[in-house]
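Q: Here you go, one structure.
The values are calculated or read from the model by the stated rules, or taken from the named source; none is laboratory data. Please read these numbers as outputs of a predicted model, since none were measured by experiment. When we count neighbours, we look across all protein chains shown, and the Cβ atoms used for this are built from the backbone with ideal geometry, even at glycine.
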Amino acid sequence: TIGMIVINQAGQVAAGTSTNGASHKIPGRVGDSPIAGAGAYADSTAGGAAATGDGDIMMRFLPSYLAVEQMRAGVDPPTACRTAITRIKKHFPHFFGAIVCANTTGSYGAACNKLPGFSQFPFMVFNQKSNVPVKEMVDCV
Amino acid sequence: SAVLPLVINTWPFQDATATAWSTLSSGGSALDAVEKGCAQCEILQCDGSVGYGGSPDEMGETTLDAMIMNGDTMEVGAVGDLRRIKNAIGVARAVMERTKHTFLVGESASVFAENMGFPVEDLSTNHSLDIFTKWLKDSCQPNYRQNVSPDPSKSCGPYKPHTMLQQRRRHQLIDIHAHD
């Protein structure tokens, strides 16, 4: 799955996702990716977020919406991302998931749920400071 | 660091990031950048988890889900369980721009896409068929069914429901290349 947030020079936010879902899923199964607030969310008055992982679990918690609402309340993006992950972790400690968050000033962050074999989450960032796509890693919580 | 414009995406899908940035740099909107960036991943079959030829379902078919959201207007277009159409994010944008709805699914979404001019193609590849064949040989493991017989942790279907609900979803070993 890819989940992407783009914020242009004017602070306009857009988000999107695309996936082929879970292998061996029951026909008809749809994950979190196409659900606004779950797979991704964008609001130009606050920011954007995009989640990835086990959509059957993540879609129940609207993590992207939660993260954007956290940023609207003034929380920085890394903390907003961690809050969204922590909310799910309370109910499903072993869920597989991660999220990226960005606010309308261009600050960004990411978070993931630590599991055996998944202790860091890689994501890509491109802004004028980097001028190239840069792979960043975040330690899972 | 706060710098605009910004492109950020999940997983190390560099070409998608670069395509989104290039779209912005050439005068495209944030929405255009998201569409082109995700579409690039669909073409490249990023990680096997995006686009055609990955994640076959129980019947061996690849289906696609996608969504696009405009944070200025709060317009959303989405497709789920899309069949035989490779450009899922493009169809999602068409749902947003060519309908008053938000989310189309299944065969009807494919018919909509075809009517909107998207090419109809087989989403299977030798790779996805190999994954499916191996799954069948492994007695259909891993398996998302529960509370059915025969025991889905050991056997393929067809399945019928148990009279009692006993099993709960269990933790499975994760594959970081298998994700929504």
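Q: Please find, within the range A:96-116, the residue that is surrounded by the fewest Cβ atoms within 10 Å (Cβ to Cβ) out of those that are more than 7 Å from every other protein chain (Cβ to nearest Cβ) and in a strand (DSSP E or B).
A: Residue satisfying both the conditions and the ranking: A:GLY109.
Q: Looking at the range B:147-161, can you tell me whether even one residue there is in contact (Cβ under 8 Å) with a residue 24 or more places away in the chain, buried (at least 20 other Cβ atoms within 10 Å of the Cβ) and within 12 Å of chain A (Cβ to nearest Cβ)?
A: no
Yes or no, residue by residue, for (1) more than 9 Å from chain B (Cβ to nearest Cβ); (2) within 20 Å of B:THR102 (Cβ to Cβ):
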{"position": "A:ILE35", "(1), (2)": "no, yes"}
{"position": "A:ALA42", "(1), (2)": "no, yes"}
{"position": "A:PRO63", "(1), (2)": "yes, yes"}
{"position": "A:THR79", "(1), (2)": "yes, no"}
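Q: Determine whether B:GLU97 is more than 12 Å from chain A (Cβ to nearest Cβ), touching a residue at least 60 places away in the same chain (Cβ under 8 Å) and of a type in the set (Asp, Glu).
A: It is false that B:GLU97 is more than 12 Å from chain A (Cβ to nearest Cβ), touching a residue at least 60 places away in the same chain (Cβ under 8 Å) and of a type in the set (Asp, Glu).
Q: Still on this structure: Taking into account only those residues within the range B:58-94 that are among the polar types (S, T, N, Q) and more than 7 Å from chain A (Cβ to nearest Cβ), which is farthest from B:VAL34 (Cα to Cα)?
A: Among those that are among the polar types (S, T, N, Q) and more than 7 Å from chain A (Cβ to nearest Cβ), it is B:THR73.
Q: Same structure, new question: Tally up the residues in the range B:74-85 that are over 12 Å from A:ALA15 (Cα atoms) and outside any strand (DSSP E or B), please.
A: Of the residues in the range B:74-85, 3 are over 12 Å from A:ALA15 (Cα atoms) and outside any strand (DSSP E or B).
Q: Turning to a different aspect of this structure: What residue, of B:THR17, B:THR63, B:THR73, is surrounded by 20 or more Cβ atoms within 10 Å (Cβ to Cβ), under 21 Å from A:ALA42 (Cα atoms) and either small (Gly, Ala, Ser) or out of contact with any Ser or Thr (no Cβ under 6 Å at 6 or more places or on another chain) (or both)?
A: B:THR17
Q: While we're here: Return only the number of the condition from (1) at pLDDT 95 or above; (2) within 8 Å of another protein chain (Cβ to nearest Cβ); (3) surrounded by fewer than 20 Cβ atoms within 10 Å (Cβ to Cβ) that B:SER25 does not satisfy.
A: (2)
Q: Whether any residue in the range B:116-128 is hydroxyl-bearing (Ser, Thr, Tyr), assigned to a loop (DSSP other than H, G, I, E, B) and modelled with pLDDT of 95 or more is what I want to check.
A: Scanning the range B:116-128 turns up at least one residue that is hydroxyl-bearing (Ser, Thr, Tyr), assigned to a loop (DSSP other than H, G, I, E, B) and modelled with pLDDT of 95 or more.
Q: Is it true that some residue in the range A:82-95 is surrounded by fewer than 19 Cβ atoms within 10 Å (Cβ to Cβ), more than 8 Å from chain B (Cβ to nearest Cβ) and touching a Cys at 6+ places or on another chain (Cβ under 8 Å)?
A: No, the range A:82-95 contains no residue that is surrounded by fewer than 19 Cβ atoms within 10 Å (Cβ to Cβ), more than 8 Å from chain B (Cβ to nearest Cβ) and touching a Cys at 6+ places or on another chain (Cβ under 8 Å).
Q: Now, a different point. Suppose we keep only residues that are within 10 Å of another protein chain (Cβ to nearest Cβ) and more than 15 Å from the chain's Cα centre (by Cα) within the range B:100-133. Which one would you say is farthest from A:ALA22 (Cα to Cα)?
A: B:THR102
Q: I would also like to ask the following. Consider B:SER110 carefully, then state whether it is out of contact with any Leu (no Cβ under 8 Å at 6 or more places or on another chain) and either at pLDDT 95 or above or not in a loop (DSSP other than H, G, I, E, B) (or both).
A: The answer is no for B:SER110.
Q: Given the options B:LEU6, B:LEU31, name the one that is surrounded by 17 or more Cβ atoms within 10 Å (Cβ to Cβ), in contact (Cβ under 8 Å) with a residue 60 or more places away in the chain and more than 15 Å from the chain's Cα centre (by Cα).
A: B:LEU31
Q: Can you tell which of A:GLY28, A:GLY3, A:GLY16 is over 15 Å from the mean Cα position of the chain (by Cα) and either small (Gly, Ala, Ser) or within 7 Å of chain B (Cβ to nearest Cβ) (or both)?
A: A:GLY28
Q: Filter the range B:104-130 down to residues that are touching a residue at least 24 places away in the same chain (Cβ under 8 Å), touching a helix residue (DSSP H, G or I) at 6+ places or on another chain (Cβ under 9 Å), buried (at least 19 other Cβ atoms within 10 Å of the Cβ) and hydrophobic (A, V, I, L, M, F, W, C), then give me how many there are.
A: 4
Q: If the requirement is being without any contact (Cβ under 8 Å) to a residue 12 or more places away in the chain and closer than 27 Å to B:THR19 by Cα, which of these qualifies: A:ASN131, A:ASN103, A:ASN127?
A: Of the residues listed, the single one that is without any contact (Cβ under 8 Å) to a residue 12 or more places away in the chain and closer than 27 Å to B:THR19 by Cα is A:ASN131.
Q: Restricting to the range A:117-141, and then to whatever is modelled with pLDDT under 95 and either part of a helix (DSSP H, G or I) or within 8 Å of chain B (Cβ to nearest Cβ) (or both), can you tell me which residue is surrounded by the fewest Cβ atoms within 10 Å (Cβ to Cβ)?
A: So the residue we want is A:GLY117.
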